[in-house]
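Below is one structure, written out as structure tokens, with a few remarks after it.
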Amino acid sequence: MAARTTSPPLHWTTVAPPLAMVALVLAWGRELGIVPVVLVAVVLATAVLAAVHHAEVVAHRVGEPFGSLVLAVAVTVIEVALIVTLMASGGKDSASLARDTVFAAVMITCNGIVGLSLFVGARRYGLISFNAEGTGAALATVTTLAVMTMVVPTFTTSAAGPEFSAPQLAFAAVASLALYAMFVSTQTVRHRDFFLPVTDDGALLEDEHADPPSRREALTSLGLLLLSLVAVVGLAKVESPAIEAGVAAVGFPPSFVGVVIALLVLLPETLAAVRAAQRKRIQISLNLALGSAMASIGLTIPVIAIATIWLEGPLLLGLGATQMVLLALTVVVSVLTVVPGRATRLQGGVHLVLLAAFLFLAINP
């Protein structure tokens, strides 16, 4: 009699994404009590962890730097969809929603993810190294995008208030998309070695010794990753009324809701970057952080520009004085961090303090 074969048990990372989608369908458009809100939060956290796992599987299959692009672009595309959905629903704060969300994403990635990755890596290995050429190119692109789309509108005079006129918005959208496309081409084709992990003496690190997953496994993980990200953003939106009520209850400004949701959406990238830092792959962490900031601007602004054709109300993109100071300080500190190509816990701590300052001033402007 032939031996009976048994299928391997389902892993929780395979079950979590469809379970999160079921929870999203059941909770969408309904008023939730305390217990359902807590359950949705647990499912949301599980979906985030599953997204990180599947992103790492895909990244291992395609290799760097393509792997770093997977999670950054996927999260940003869904983030854009969430912004457009919330803007379409209207509300007194919807005019500045795109600006607040993109600025929060830039500060969280450039200070939070970068700072945490540097601190974790340096705490474990003492002195950590990365490729200053590739990281510097990414930082220059992020800085140009941020200033052109969020600082310049504050000083233009064609439209009243911190917003672009229609021709200015069209130019900013095309320029943002062009910059992002040029960077992706540089990162993945012409100068791919600039974005690969390096040793302390500057030599490229060897690939991970573990065998890459099969094509079927990678495609399955890619599908589950996209499913997880949709569930994460959707469940974050389901949780937003509870978050809004909590923010109002503690007396925080309404704009802080966008910061909370941005933190939730960027959590998969944060966890993936920290895991890379623990393996001394700091370049991968920086690719994730700066790539996410770049994609958040380079993809969001063009889509929002097109969406303004049917969305009502103004589109406020210009930052206030305090936000511009924080952005300028972030750029200066980031340049000083990147130029040496090496970092200690101090550089990571400085970036984390800047993130804390952003969060504090978002609470207490």
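The values are calculated or read from the model by the stated rules, or taken from the named source; none is laboratory data. This structure is a prediction, so every number in the text was calculated from the model and none was measured. In this analysis, Cβ positions are derived from the backbone assuming ideal geometry, glycine residues included, and neighbour counts consider all displayed protein chains.
Residue by residue through the range 231-265, note down the ones that are among the hydrophobic types (A, V, I, L, M, F, W, C), closer than 18 Å to residue 52 by Cα and crowded, with 19+ Cβ neighbours inside 10 Å. Listed by number, the residues that qualify are 231, 232, 233, 235, 236, 261, 262, 264, 265. Within the range 19-42, being without any contact (Cβ under 8 Å) to a residue 40 or more places away in the chain and outside any helix (DSSP H, G or I) holds for 29, 30, 33. Among residues that are closer than 25 Å to residue 28 by Cβ and more than 16 Å from the chain's Cα centre (by Cα), residue 223 is included.
Across the range 306-327, the qualifying residues are those that are β-branched (Val, Ile, Thr), touching a residue at least 40 places away in the same chain (Cβ under 8 Å) and part of a helix (DSSP H, G or I), and the one among them that is farthest from residue 176 (Cα to Cα) is 322. Taken together, 142, 114, 120, 106 contain a single residue that is of a type in the set (Val, Ile, Thr), surrounded by fewer than 22 Cβ atoms within 10 Å (Cβ to Cβ) and in contact (Cβ under 8 Å) with a residue 12 or more places away in the chain, which is 120.
Residue-wise test of (1) under 14 Å from the mean Cα position of the chain (by Cα); (2) farther than 24 Å from residue 83 by Cα; (3) not in a helix (DSSP H, G or I).
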position	(1), (2), (3)
254	no, no, yes
257	no, no, no
268	yes, no, no
272	yes, no, no
276	no, yes, no
288	yes, no, no
299	yes, no, no
304	no, no, no
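Confirm whether residue 331 is under 20 Å from the mean Cα position of the chain (by Cα), under 19 Å from residue 117 (Cα atoms) and modelled with pLDDT under 95. Even if it seems obvious, please write down each step before you answer.
On the way: under 20 Å from the mean Cα position of the chain (by Cα): yes; under 19 Å from residue 117 (Cα atoms): yes; modelled with pLDDT under 95: no.
It is false that residue 331 is under 20 Å from the mean Cα position of the chain (by Cα), under 19 Å from residue 117 (Cα atoms) and modelled with pLDDT under 95.
Within the range 152-210, count every residue that is in contact with a strand residue (DSSP E or B) (Cβ under 9 Å, 6 or more places away or on another chain) and at pLDDT 75 or above. The number of residues fulfilling the criteria is 3.
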